[in-house]
Amino acid sequence: MSLIFRLSWRNLFHDRLRFIATVVGIVFSIVLVTVQMGLFLSFDRMVTTMIDHSPADLWIVPLGTKCFEDPSLVDERERFRALSITGITQALPIVIGFAQWRLPSGGTTPVFIVSSDTRVGGLRPWNLVEGSLGDLAVPGAVAIDQSYFGRLGTKGLGASAEIRDQKVEVAAVTKGIRAFTTTPYVFTSLDQARAYVGTPPNKVTYFLVRLAPNADVETIRSQLRMILSESEVLTPSEFRNRSRSFWLFGTGAGAALFAGALLGIIVGTVIVAQTLYSSTKDHLTEFATLRAIGSSSWYIHKVIICQALLSAITGFSIAAGVGSIIVDATAESALPVLMTPLMTVGLFLLTVVMCFLSATSAIVQVIRIDPAVVFTR
Amino acid sequence: MTETVMEAVDVVKVLGRGPSQVKALSGVNLALAGGELTLLIGPSGSGKTTLLSILGCILSPTRGIVRICGQSTAQMPPEDMARIRREHVGFIFQSYHLFPTLTAADNVRLALDVRGEPSGSAIARARKALAAVGLSHKMKSFPRALSWGEQQRVAIARAIVGNASAILADEPTSALDSDNGQAIMKLLAEIAKDQARAVLVVTHDPRILPFADRIVRIEDGRIVGEERGRAGRQ
């Protein structure tokens, strides 16, 4: 084993207090970035969760729709125009909108109604833990997520409440369908949804278009664009990007999360740079000795980079542990912090890059070192 | 006749700039031959250490030529100077400059590690060098656990482990008591018996004069005298 590793490790560990400060700085920084990025990822998934769980090949949306939650309406006649095109097998209407859920204890809370014709495979609730899709066909039946029981003042399956003065009964319960707006999703049938959100019978929010197996998406999209005057035709990917763009960047929420993550990176870089710089300064005579006995600049740089890497690995290992605890602790919350293997790898690389950047201040200091100081110190 | 290992020809060194400029060396000529222990003596500020630094390729002369094993260092970039140092020069410093976080064996091995020598052979050579300076039993000791004399021996082992053509020692006995100083000088005299290796010791310690093959006196940046030492006359 080269002495570089041993020298680096012992230089770092020699001053334990400073090493602990460095590691704490890295942990603080990476945990902050993890939380911000985890929230961003969670937010990113939540804003597109309805689109992700819709079996659509194309979406017909009102002109200028910004996101899935946009309450603009499109005329029901567009459906028949769409169905006139060869290759389109279904154009399933979807009605969404905000409504007030009256709590059994009095008072109301806003909910977000999502509905489609569940019998023919539209946008249906998923992850059902109680009840079935068939149960939603019953008048007044709704499906809610178990994480919102408290918010909706309900005890679950069979519980009653009111939406817009109409009695509803929880006929199905889902798990993990959470809204980033913290407004609970309520799944129901189309007719009921119209009544709850006040959508006229000849209007819908979207059409979820399904194509025949061999149909060409682009060809059909072009044909749809030609015959639909007041709506747009989007692929699921385009609709997803539009929703993401609106919520993450149009509202500033994403920018705030990014700013937090950036702040974490800057704080971490500064802390590591400061400690590496002062560590190098303390060992300047040793580096000058190395230079005097003939080491190349690169050898010394390798010692500093190795110190940075060791700090990165130690700091990241602890930060990953703390991150996992946070991920577990928030798993059932309204806005869980998500962590994916790719994000873990990305955070590790970020830690390494951060420590490398921090090492540059120390390297710049060493570049200027005069080996002749060994005769004066 | 032994070969010249290291040579300074008409070397001038100006230190500093502007009004604080000082001419540290004024046309110095000095050649060090293999198998010879040369003492460079002179009062403080006479240019001893500056000359040592220039011969050891740590400083470049303002004017003049330095040759190490026949190779001129004129116009050499810093990285090439570092290469010359690691290939041909072994340094012994007044304050030892051992790495406090490394063991004696690792401190010696460092001189080989910077050359890129594989660990296995570097460890073996470091052990041999420490044995040569009588510290076989202190291989795993850290500098803080060694006496000053032992620390200087480790520094000598570090200087000789790479078979340097020239060993340059800056006041190697000044921080040591008489017994340790004598022991260190005996060691350096032993090292200087190698015909391929020159040893230059900068000092103002009169107690070590008997160990010299040759004594060179420097004052105000000029060589003012040279004589054969007692060891050289034997």
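The values are calculated or read from the model by the stated rules, or taken from the named source; none is laboratory data. Only a predicted model underlies this, so the values are computations on that prediction, with no experimental measurement involved. We place every Cβ from the backbone using ideal geometry, glycine too, and count neighbours over all the protein chains shown.
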Counted residues in the stretch A:363-377 being within 11 Å of chain B (Cβ to nearest Cβ) and in contact with a helix residue (DSSP H, G or I) (Cβ under 8 Å, 6 or more places away or on another chain) come to 9
Tell me which of these A:HIS301 doesn't satisfy, since it passes every other one: (1) in contact with a Cys (Cβ under 8 Å, 6 or more places away or on another chain); (2) of a type outside the set (A, V, I, L, M); (3) within 13 Å of another protein chain (Cβ to nearest Cβ).
-> (1)
Checked the stretch B:48-77 for anything among the small types (Gly, Ala, Ser), in a strand (DSSP E or B) and in contact with a Leu (Cβ under 9 Å, 6 or more places away or on another chain); matches are B:GLY64
What are the residue pairs meeting all of these: first residue in the stretch B:177-196, first residue at positive phi, second residue modelled with pLDDT under 90, Cβ atoms under 8 Å, and 6 or more apart or on different chains?
-> none
At pLDDT 90 or above, on the phi < 0 side of the Ramachandran plot and not in a helix (DSSP H, G or I): does that describe B:VAL108?
-> no
Subset of the stretch B:84-94 (residues that are of a type outside the set (A, V, I, L, M, F, W, C) and either at the interface with chain A (Cβ under 7 Å from one of its Cβ atoms) or in contact with a Cys (Cβ under 9 Å, 6 or more places away or on another chain) (or both)) = B:ARG85, B:ARG86, B:GLU87, B:HIS88
Search the stretch A:228-279 for residues being in contact with a Phe, Trp or Tyr (Cβ under 9 Å, 6 or more places away or on another chain) and not in a helix (DSSP H, G or I), and hand back the single one that is farthest from A:ALA362 (Cα to Cα).
-> A:SER231
Helices (runs of 4 or more DSSP H) completely within the stretch A:1-100 that count 3 or more residues being within 30 Å of B:LEU110 (Cα to Cα) = A:3-14, A:16-47
Could you look through the stretch B:86-110, keep only residues that are over 17 Å from B:ALA164 (Cβ atoms) and of a type in the set (S, T, N, Q), and pick out the one that is surrounded by the fewest Cβ atoms within 10 Å (Cβ to Cβ)?
-> B:SER95
Of A:LEU224, A:LEU263, A:LEU248, which residue is touching an Asp or Glu at 6+ places or on another chain (Cβ under 7 Å) and of a type outside the set (Ser, Thr, Tyr)?
-> A:LEU248
Would you mind stating whether B:THR49 is surrounded by 16 or more Cβ atoms within 10 Å (Cβ to Cβ), touching a His at 6+ places or on another chain (Cβ under 7 Å) and within 9 Å of chain A (Cβ to nearest Cβ)?
-> no
Run down B:ALA155, B:ALA122, B:ALA104, B:ALA164 and say which single residue is closer than 27 Å to A:SER279 by Cβ, among the small types (Gly, Ala, Ser), within 11 Å of another protein chain (Cβ to nearest Cβ) and touching a residue at least 24 places away in the same chain (Cβ under 8 Å).
-> B:ALA155
What number goes with the only condition from (1) assigned to a loop (DSSP other than H, G, I, E, B); (2) under 22 Å from B:LEU39 (Cα atoms) that B:ARG115 does not pass?
-> (2)
Quick count over the stretch A:280-305, residues being in a helix (DSSP H, G or I) and more than 25 Å from A:THR351 (Cβ to Cβ), is 9
Any pair with Cβ under 8 angstrom, 6 or more apart, that starts in the stretch A:284-297 at a residue that is more than 7 Å from chain B (Cβ to nearest Cβ) and surrounded by 18 or more Cβ atoms within 10 Å (Cβ to Cβ) and ends at one that is hydroxyl-bearing (Ser, Thr, Tyr) and in a loop (DSSP other than H, G, I, E, B) | none
